[in-house]
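K.L.:
I'd like to ask some things about the structure below.
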Amino acid sequence: MTDPGAGDALVVTDRVSIPRSELSFRASRAGGAGGQHVNTSSTRIELLWPVGRSQALGDEERARVMEKLAARIDADGNVRVVASKERSQLQNREAAEARLAELVRGALAVPKKRRPTRPTKASREKRLQEKKRRSERKRDRGRSDW
């Protein structure tokens, strides 16, 4: 989850930490099972992070995160994460922070560039032999030299 030695920041990677001052939380009543407890306590947590105005990211990183998380960004430019699985507001808050960190970590990951490879000589020959065999099989279907 979060590194206690990181001060007042949500650690995403070893180079990126989101200051907790940028995060805003909203609590509301969670639905689902839980009986009277669910009806009386606001344990569902909604976490908002303004990715466009964040000081945690450089321009390149911000562009990458905004592109990858475009479906999760609302009209105000906030990434929204909701957690309501736990019965405790604190646990849901921690779960929402962990999920945000995981989302941002995934968005920051740069995929390896694909290096095109050429088929080997043996694989080309095998393909041609198989092609020839298939063609002979089809050609022989039409023949009836009885």
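The values are calculated or read from the model by the stated rules, or taken from the named source; none is laboratory data. Note that the coordinates shown come from a computational prediction; the quantities given were computed from them, not determined experimentally. Glycine gets a Cβ as well: all are built from the backbone with ideal geometry, and neighbour counts include every protein chain shown.
K.L.:
Tell me, please, whether a residue that is over 21 Å from Thr13 (Cβ atoms), modelled with pLDDT under 85, outside any helix (DSSP H, G or I) and among the hydroxyl-bearing types (Ser, Thr, Tyr) can be found in region 79-91.
P.N.:
yes
K.L.:
Name every residue in region 57-81 that is hydrophobic (A, V, I, L, M, F, W, C) and touching a helix residue (DSSP H, G or I) at 6+ places or on another chain (Cβ under 7 Å), in order of residue number.
P.N.:
Leu57, Val65, Met66, Leu69, Ile73, Val79, Val81
K.L.:
Search region 1-21 for residues being over 18 Å from the mean Cα position of the chain (by Cα) and in a strand (DSSP E or B), and hand back the single one that is modelled with the highest pLDDT.
P.N.:
The qualifying residue modelled with the highest pLDDT is Pro19.
K.L.:
Continuing with the same structure: Hey, could you check region 76-107 for residues that are in contact with an Asp or Glu (Cβ under 7 Å, 6 or more places away or on another chain) and surrounded by 18 or more Cβ atoms within 10 Å (Cβ to Cβ) and say which is nearest to Arg53 (Cα to Cα)?
P.N.:
So, considering only residues that are in contact with an Asp or Glu (Cβ under 7 Å, 6 or more places away or on another chain) and surrounded by 18 or more Cβ atoms within 10 Å (Cβ to Cβ), the one nearest to Arg53 (Cα to Cα) is Ala95.
K.L.:
Still on this structure, I have one more. Restrict the check to region 108-122 and report whether at least one residue is loosely packed, with under 15 Cβ neighbours inside 10 Å, of a type outside the set (Gly, Ala, Ser) and assigned to a helix (DSSP H, G or I).
P.N.:
Yes, because at least one residue in region 108-122 is loosely packed, with under 15 Cβ neighbours inside 10 Å, of a type outside the set (Gly, Ala, Ser) and assigned to a helix (DSSP H, G or I).
K.L.:
Exactly one condition in (1) of a type in the set (Val, Ile, Thr); (2) within 18 Å of Arg15 (Cβ to Cβ); (3) more than 32 Å from the chain's Cα centre (by Cα) is false for Val104; which is it?
P.N.:
Just one mismatch for Val104, condition (3).
Per-residue answers, yes or no, for (1) in contact with a strand residue (DSSP E or B) (Cβ under 9 Å, 6 or more places away or on another chain); (2) among the polar types (S, T, N, Q):
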{"site": "Ile45", "(1), (2)": "yes, no"}
{"site": "Asp76", "(1), (2)": "yes, no"}
{"site": "Arg87", "(1), (2)": "no, no"}
{"site": "Gln91", "(1), (2)": "yes, yes"}
{"site": "Ala107", "(1), (2)": "no, no"}
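K.L.:
If you don't mind, another one. Return the residues of region 33-62 that are part of a helix (DSSP H, G or I), over 18 Å from Pro19 (Cβ atoms) and at pLDDT below 85; say none if nothing qualifies. Full working, then the answer.
P.N.:
Within region 33-62, the subset part of a helix (DSSP H, G or I) is 36-40, 51-53, 59-62.
Those still in the list that are over 18 Å from Pro19 (Cβ atoms) too: 36-40, 60.
Of everything in region 33-62, those that are part of a helix (DSSP H, G or I), over 18 Å from Pro19 (Cβ atoms) and at pLDDT below 85 turn out to be Gln36, His37, Val38, Asn39, Thr40.
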